[in-house]
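What follows is one structure encoded as structure tokens, with my remarks underneath.
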Amino acid sequence: MAMTQMNVRIDDKLKDDVDTVLREQGVSSSDVIRSLWRYIADRRQVPRLETTTEEQARRQRRMRRLTMIDASSGLIQEELLRAGVIDEDTNLLAGQTRQDIRSDVYDQKLDDYLNMARSV
């Protein structure tokens, strides 16, 4: 198999940082480049490479969503408390799944129906 040598210009600090990581993992820069080239050739596409800025933005969006979910669970918990489906100690984000809550609601509806039928 014929081989080609490639020359690449890259920032010295970046190269040193990456070389340190690769050395710690027992991989050479040539191994990484060959793997990247093989990936692109096999899949006919360049892999999505996320920058640190993009990763931070993604993490921030995720944290905002989790905060919204947490806040929403408080509102939902208040309504479920008012409906008698859960008690004060129930934490919706720890332990009870959506299916558990749904089953509890159905059980409560069934009990209400049976109690209504008995009183007639």
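Which entry in (1) 13.6; (2) 15.2; (3) 13.0 is this structure's computed mean projected area of the Cα convex hull in nm²?
After the calculation, the listed value that fits is (2).
Roll a 1.4 angstrom probe over the protein heavy atoms and tell me the percent of accessible area of the chain that is carbon or sulfur. Numbers along the way, then the final one.
Details: 5780 of 11010 Å².
Here carbon and sulfur together make up 52 percent of the probe-accessible area.
Where Lys and Arg each count +1 and Asp and Glu each count -1, what net charge lies around GLU50 among other residues with Cβ under 15 Å from its Cβ?
On the way: positive: ARG48, ARG58, ARG59, ARG61, ARG62; negative: GLU54, GLU55.
Taking every Cβ under 15 Å from that of GLU50, the sum is +3.
Determine the order of VAL18, VAL85 by accessible area, beginning with the largest, at a probe radius of 1.4 Å.
Highest to lowest solvent-accessible surface, that is VAL18, VAL85.
Sort ILE33, ILE86, ILE40 by accessible area with a 1.4 Å probe, largest first.
Listed by decreasing accessible area, they come as ILE33, ILE40, ILE86.
What is the distance, in nm, between label points placed 7 Å from the Cα along the Cα-to-Cβ direction at LYS15 and at ASP70?
For LYS15 paired with ASP70, the spin-label model returns 4.5 nm.
Tally Lys/Arg at +1 and Asp/Glu at -1 over every other residue whose Cβ is under 15 Å from the Cβ of ASP19; what's the total? Please list the in-between numbers first.
Details: positive: LYS13, LYS15, ARG23; negative: ASP11, ASP12, ASP16, ASP17, GLU24, ASP31.
Result for the local shell: -3.
Residue farthest toward the positive end of the dipole of the chain, with Cβ of Lys/Arg at +1 and Asp/Glu at -1: which of GLN56, VAL105, VAL32?
Farthest towards the positive pole: VAL32.
For region 45-50, just list the computed ³J(HN,Hα) in residue order, Karplus coefficients 6.51, -1.76 and 1.60, θ = phi - 60°, integers in Hz, with x standing in for Gly and Pro.
3J(HN,Hα) across region 45-50, in whole Hz: 7, 8, x, 5, 9, 8.
What whole-number value in Å² describes the accessible area per residue of the chain for a 1.4 Å probe?
Averaged over the residues of the chain, the accessible area is 92 Å².
Grab the DSSP H runs of the chain that are 4 residues or longer, score each as -39,500 (n - 2.57), total them, divide by all residues and round the 222 nm result to the nearest 500 deg cm²/dmol.
Mean residue ellipticity, 222 nm, calculated: -23500 deg cm²/dmol.
The values are calculated or read from the model by the stated rules, or taken from the named source; none is laboratory data. Values in this document were obtained by computation on a predicted structure and should not be read as measured data. As a convention, Cβ positions derive from the backbone with ideal geometry for all residues, glycine included, and neighbour counts pool all protein chains shown. SASA here: full protein model, heavy atoms, side chains in, ligands and nucleic acids out. Shrake-Rupley method; radii C 1.70, N 1.55, O 1.52, S 1.80 Å.
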